[in-house]
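One structure is given below, encoded as structure tokens.
The values are calculated or read from the model by the stated rules, or taken from the named source; none is laboratory data. These figures come from a predicted structure and were not determined experimentally. For neighbour counting, all protein chains shown are included, and Cβ atoms are generated from backbone atoms with ideal geometry for every residue, glycine included. With ligands, DNA and RNA removed, areas are computed over all heavy atoms of the protein, side chains included. Shrake-Rupley method; radii C 1.70, N 1.55, O 1.52, S 1.80 Å.
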Amino acid sequence: MSVTITREGEIALVTVDNPPVNALGQALRQGLWDAVSTLDADDKVKAVVLICAGRTFIAGADVREFGQTPQPPHLPDLVTKIEAAQKPWVAAIHGSALGGGLEVALGCRFRVAVENASLGLPEVTLGVIPGASGTVRTPRLIGLEKAIAMITSGKPVRAKQALTDGLVDAVIEGDLKDGTLAFARNALQQPLPQPISFRPAPQADETFWQAQQESVRKAARGASAPLMALESVRHSTILPFDEAMAFERQTFLERRDSREAAALRRIFFAERGATRPATLQDVTPVTLKTIGVIGGGTMGAGIAAALREAGYPVILTEQDETAVERGLANIRKIFDDSVKRGRQSEAQAQERFAGVTGTCNYADLADADLVIEAVFEEISVKRAVFEKLGQVCRPDAILATNTSYIDPRAIAEGLPHPERFIGLHFFSPAHIMKLLEIVPVPETSDAVLATGFSLAAKLKKMPVRAGICEGFIGNRILKRYRAAAEDLLRKGNNIADIDAAMRSYGLAMGPFEAQDLGGLDIAYLQREGARATGQVIPQTLGDILVEAGRKGQKTAGGWYDYADGNRKGQPSAAVTALLKPHVTNGSPMSATEIAEALVGEIAAEGQAILDEGIATDAVDIDLVKIHGYGFPRWRGGPMFASGRA
Ligand code: COA
Ligand code: NAD
């Protein structure tokens with residue numbers, strides 16, 4: 001760590017260098033503290049530019065210190081000291097100014113940023129609230145609504161938006177240092193603005209606060225930190241500055257020690273380590289230039305879109321010309337939807353689509369470095385595909401299957417050079433869902449395994465290594481969860497009550513409404529397939545519904561009725577009648593009991609998966625549930641929530 005002072009005429013440059021992200025650990029806080037004192041004592045210095053080396057401005061408090069006793073100088077005191085400095089400080093921002101990093105910038109008299117910089121207060125995503133004036137200074141600078149949105153969502157804004165909002169004073173084009181020095185020289189010619197703490201706090205009435213509480217509560221899905229952050233913003237408008245600061249600090253310290261914060265910190269570090277598993281540290285991944293995708297259906301199109309977004313040229317291979325056209329149209333539709341939602345520009349969509357080559361000639365895959373198969377979930381179809389790939393692809397090309405349930409060892413049987421085979425299990429929609437289960441077979445080489453993880457990093461996905469069993473980690477747990485939900489139904493609980501209980505626990509959807517959305521027929525067909533091979537699988541309540549033509553939203557009825565294309569389901573008298581013979585009239589459980597029972601089942605299956613070595617760490621199971629199945633992040637995943645981790 002270093003804080004270096006240099007001089008450019010009458011302007012001092014304070015350069016922070018604390019790799020990798022200039023996090024504000026104790027040593028850096030002390031370094032900045034001392035720099036303020038040194039420069040205050042230097043009469044020749046008229047202004048100070050605070051700038052950072054490396055890839056980012058100060059990216060926040062050092063999260064590793066959150067579990068320890070705070071050491072002085074404390075961050076709020078440092079921010080106050082910078083604000084009270086006798087020379088104006090200018091924060092020169094590149095990369096990210098997040099959390100404590102932004103708070104330090106709020107202590108500066110001016111803030112400037114390069115165009116691709118982002119600024120935000122992500123503390124609630126770590127289960128805490130801003131602890132060094134974020135909730136007190138930000139509303140004074142940008143007004144209540146913008147401050148509340150930024151603080152309670154934790155989402156950063158880009159520099160241009162920050163300029164519009166008044167969070168920064170200028171967007172610097174060209175070199176940041178030169179641009180900031182020019183800005184500072186110009187600023188010295190004019191009256192200085194008031195320090196933020198001197199400015200009046202914006203005011204709002206009770207109706208405003210009630211509406212804010214309502215919307216923050218809804219978005220938080222049970223997490224406490226966003227509501228506590230809102231409360232701190234509210235106090236900043238009714239208490240004098242110093243008292244508001246004390247309230248914020250007190251709340252921050254309490255939140256820091258909460259279970260929610262511990263859960264979110266653990267996930268934060270697990271996510272950052274996920275793409276670089278310790279066992280593969282010394283293994284070099286294979287460089288991928290061109291990637292083939294076999295099958296342009298739901299998954300193949302989504303995978304191709306994700307690969308294009310990461311810049312890989314894609315060869316989409318289908319059965320025949322018609323299927324190629326259909327596959328290309330599926331990809332085009334994904335890009336068109338992204339344009340409509342503002343996720344990419346029309347020009348980006350055109351460029352991405354142009355990078356997909358459609359073919360029904362497997363020989364076109366001769367140069368591919370990786371081929372991902374996403375054809376029908378049938379062993380004979382998949383084997384035939386890999387037989388062809390074994391003939392046309394380079395012997396060192398990596399061959400991957402996206403199978404959900406079939407044993408990858410059976411798919412790879414007879415493949416020449418089986419060390420290049422691997423399961424890459426994407427989730428639907430594959431261009432959106434973050435989870436990627438990486439499933440090596442016994443022959444898979446370390447280089448190929450490492451390539452799976454590095455590909456995930458390029459695709460901005462969350463990779464989790466899974467061993468081989470039916471459904472790997474995620475779908476195996478899902479099966480038990482659904483069975484447990486049906487069990488509660490059989491015992492006399494309502495479908496809607498079970499869904500509501502899981503929503504109030506923090507999931508985006510309950511188990512039944514989620515099935516209606518995805519379609520009940522997928523799991524049904526899978527069970528039927530297994531039954532056809534002689535496996536004994538008892539009838540599920542879902543089977544009864546599918547056999548009555550109720551496959552979910554797409555048939556206007558599943559566990560619920562969906563009248564006139566309405567996506568909000570209504571309790572169904574038809575379902576009650578169909579299931580009546582299978583339901584006992586037990587006494588219904590409370591929402592808490594339902595959630596506890598179902599999360600308990602999820603965690604018990606997770607434990608079995610861990611005990612069998614299918615997952616390597618409990619946190620992997622938590623990552624799977626959070627990134628693949630909408631489990632509330634603030635609870636830390638089922639293993640953490642149930643005290644198994
Ligand atoms: N405290 C401690 N370590 C941190 C950190 C923080 N606030 N932010 C990042 N790191 C570490 C990561 O754990 C990782 O360490 P590793 O290389 O040992 O695994 C390293 O810095 C790089 O982080 P990574 O996220 O992989 O880098 P990136 O370039 O993709 O992203 C950021 C950079 C700053 C955008 C991202 O790290 C981030 O969002 N950090 C959190 C910032 C935050 O929440 N600050 C508020 C805290 S109150
Ligand atoms: P899909 O029916 O939508 O698409 C399959 C595509 O494969 C079709 O377009 C078909 O024309 C093509 N195809 C079939 N045989 C082919 C061949 N020999 N050569 C080239 N193309 C061929 O199916 P899907 O939902 O995309 O599923 C594909 C795979 O992904 C399956 O293994 C499935 O289990 C798995 N998966 C599906 C999901 C999901 O939610 N749909 C999620 C994860 C994994």
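Residues in the stretch 207-236 that are buried (at least 18 other Cβ atoms within 10 Å of the Cβ) and among the β-branched types (V, I, T): V216, V233. For the stretch 510-545, taking the residues that are hydroxyl-bearing (S, T, Y) and outside any helix (DSSP H, G or I), the one that is farthest from S428 (Cα to Cα) is identified as T533. Residues that are touching a Pro at 6+ places or on another chain (Cβ under 6 Å), within 16 Å of ligand 2 (Cβ to nearest atom) and either modelled with pLDDT under 95 or at negative phi (or both) do occur in the stretch 290-305. Selection of the stretch 313-340 for residues being touching a residue at least 60 places away in the same chain (Cβ under 8 Å) and touching a Ser or Thr at 6+ places or on another chain (Cβ under 7 Å) yields an empty set.
Here M509 meets the list (1) in contact with a helix residue (DSSP H, G or I) (Cβ under 8 Å, 6 or more places away or on another chain); (2) within 16 Å of T279 (Cβ to Cβ) almost entirely, failing just condition (2). Can you find even one residue in the stretch 465-486 that is under 28 Å from V375 (Cβ atoms) and in a strand (DSSP E or B)? Among the residues of the stretch 465-486, at least one is under 28 Å from V375 (Cβ atoms) and in a strand (DSSP E or B), which makes the answer yes.
Condition check ((1) open to solvent by less than 10 Å² (accessible area, probe 1.4 Å); (2) touching a residue at least 40 places away in the same chain (Cβ under 8 Å); (3) away from ligand 2 (no atom under 16 Å from the Cβ)) across all residues:
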| position | (1), (2), (3) |
| --- | --- |
| Y362 | no, yes, no |
| F376 | no, yes, no |
| K382 | yes, no, no |
| A397 | yes, no, yes |
| D407 | no, yes, no |
| E413 | no, no, yes |
| I422 | yes, no, no |
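Being over 30 Å from A263 (Cβ atoms) and touching a strand residue (DSSP E or B) at 6+ places or on another chain (Cβ under 9 Å) narrows it down to one of W89, W33, so name that one. Explain how you work it out, then say what you get.
On the way: W33 fails: touching a strand residue (DSSP E or B) at 6+ places or on another chain (Cβ under 9 Å).
It is W89.
Hey, could you check the stretch 509-542 for residues that are open to solvent by 50 Å² or more (accessible area, probe 1.4 Å) and in contact (Cβ under 8 Å) with a residue 12 or more places away in the chain and say which is nearest to L598 (Cα to Cα)? My answer is M509. The C-beta contact set for the stretch 112-133 (first residue of a type in the set (D, E, K, R), second residue within 16 Å of ligand 2 (Cβ to nearest atom) and at pLDDT below 95, distance under 9 angstrom, 6+ apart or interchain) is empty. Kindly establish whether E83 is away from ligand 2 (no atom under 16 Å from the Cβ) and at pLDDT 95 or above. When the stated conditions are applied, E83 passes them. Among the criteria (1) open to solvent by 20 Å² or more (accessible area, probe 1.4 Å); (2) part of a loop (DSSP other than H, G, I, E, B); (3) under 19 Å from A117 (Cα atoms), the one L167 does not fulfil is (1).
If only residues of the stretch 13-47 that are in contact (Cβ under 8 Å) with a residue 60 or more places away in the chain and farther than 17 Å from L75 by Cβ are counted, the one that is farthest from ligand 2 (Cβ to nearest atom) is K46. Take the residues in the stretch 384-395 that are within 9 Å of ligand 2 (Cβ to nearest atom) and in contact (Cβ under 8 Å) with a residue 12 or more places away in the chain, then tell me which one is nearest to the chain's Cα centre (by Cα). Only one residue tops the list, namely V385. Please tell me if M245 is under 30 Å from T69 (Cβ atoms) and open to solvent by less than 40 Å² (accessible area, probe 1.4 Å). Considered against the rule, which asks whether it is under 30 Å from T69 (Cβ atoms) and open to solvent by less than 40 Å² (accessible area, probe 1.4 Å), M245 comes out as yes.
With among the hydrophobic types (A, V, I, L, M, F, W, C), more than 16 Å from ligand 1 (Cβ to nearest atom), over 14 Å from I291 (Cβ atoms) and buried (at least 22 other Cβ atoms within 10 Å of the Cβ) as the only criterion, which of V439, V356 stands out? Show your work before the answer.
Numbers: V356 fails: over 14 Å from I291 (Cβ atoms).
Result: V439 is the single residue among V439, V356 that is among the hydrophobic types (A, V, I, L, M, F, W, C), more than 16 Å from ligand 1 (Cβ to nearest atom), over 14 Å from I291 (Cβ atoms) and buried (at least 22 other Cβ atoms within 10 Å of the Cβ).
Scanning the stretch 329-352 for residues that are in contact with a Phe, Trp or Tyr (Cβ under 7 Å, 6 or more places away or on another chain), of a type in the set (A, V, I, L, M) and within 16 Å of ligand 2 (Cβ to nearest atom) turns up at least one hit.
If you scan the stretch 590-645, which residues turn out to be on the phi > 0 side of the Ramachandran plot and buried (at least 24 other Cβ atoms within 10 Å of the Cβ)? I'd like the intermediate steps shown before the answer.
We begin by selecting, within the stretch 590-645, every residue on the phi > 0 side of the Ramachandran plot; these are 613, 630, 636-637, 643.
Residues satisfying the conditions are G636, G637.
Checking S587 against (1) open to solvent by 50 Å² or more (accessible area, probe 1.4 Å); (2) in a helix (DSSP H, G or I); (3) small (G, A, S), which test does it fail? Unmet for S587, out of (1) open to solvent by 50 Å² or more (accessible area, probe 1.4 Å); (2) in a helix (DSSP H, G or I); (3) small (G, A, S): (2).
Scanning the stretch 419-434 for residues that are more than 16 Å from ligand 1 (Cβ to nearest atom) and in a loop (DSSP other than H, G, I, E, B) yields F427, S428, P429, A430, H431, I432, M433.
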